[in-house]
Amino acid sequence: MSYELLKTLHLISLISWFAGLFYLPRLFVYHTMAVSEPAGNERFKVMERKLYRAIMTPAMISTLLFGFLLWEKIGYGREAGWLHAKLTLVFFLVVYQLYCGYFISDFAKDQNKKSETFFRIWNEVPTLLLIAITVLVIYKPF
């Protein structure tokens with residue numbers, strides 16, 4: 001596979017993954033507000049589960065796969081400190097997604113203990129990580 005194709009597939013996967021990372025916590029905000037409405041509560045459970053399983057998880061896996069293949073193709077080594085910093089932030093994104101899965105299971109069991117405000121703040125985490133990762137990739141500071 002060519003470098004250009006790998007980079008294209010990596011970016012398409014990344015954009016799809018981040019679409020889910022931005023949208024799912026917003027669903028949590030709305031779900032928290034609709035928990036007393038049975039039909040809305042069930043609708044949000046379905047939406048969250050489908051977004052997580054059908055879009056976010058495949059997009060995360062393909063982002064990681066194409067990123068690894070890019071890394072292998074380019075051959076960055078130990079001297080690429082920016083890449084190690086980026087991979088650390090990507091690790092936190094994966095943990096963030098897994099934690100979102102935990103929230104989905106809490107909502108599915110009607111056991112969510114987090115507030116609407118918590119989820120509004122939680123929604124900003126992927127934005128901060130995206131900014132940091134983008135700066136590392138563009139400027140390669142170390």
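The relative contact order of the chain comes to 39 percent, based on Cα pairs under 8 Å that sit 6 or more residues apart. Computed per residue of the chain from DSSP H runs no shorter than four, each worth -39500 (n - 2.57), the mean residue ellipticity at 222 nm is -27000 deg cm²/dmol.
When Rg and Dmax are taken over the Cα atoms of the chain, they come to 17.1, 55 Å.
Dipole magnitude for the chain: about 80 debye, using +1 per Lys or Arg Cβ and -1 per Asp or Glu Cβ, origin at the Cα centre. Taking θ as phi - 60° and the Karplus parameters 6.51, -1.76 and 1.60, the scalar couplings of the range 11-21 work out to 5, 4, 5, 4, 5, 5, 4, 5, 4, x, 4 Hz in sequence order, x denoting glycine and proline.
Whats the longest run of the chain with zero trypsin sites (Lys or Arg not before Pro) that are DSSP loop and have at most 15 other Cβ atoms within 10 Å? My reading of the result: 1-77 is the longest stretch.
For the range 9-89, applying the loop criterion from DSSP together with a ceiling of 11 other beta carbons within 10 Å to the GluC sites (Glu not before Pro) yields E79. Rounded to whole numbers, the Karplus 3J(HN,Hα) couplings from phi for the range 54-62 are 8, 10, 5, 5, x, 5, 5, 4, 5 Hz, using 6.51 cos²θ - 1.76 cosθ + 1.60 with θ = phi - 60°, and x at Gly and Pro. Taking the chain as the region of interest, the number of lysine pairs whose Cα atoms are within less than 28 Å, with members eight or more places apart or on different chains, is 13.
A short reminder: the numbers here are calculations on the coordinates, not readings from a lab. In this text, all values refer to a predicted model and were calculated from it rather than measured experimentally. Glycine gets a Cβ as well: all are built from the backbone with ideal geometry, and neighbour counts include every protein chain shown.
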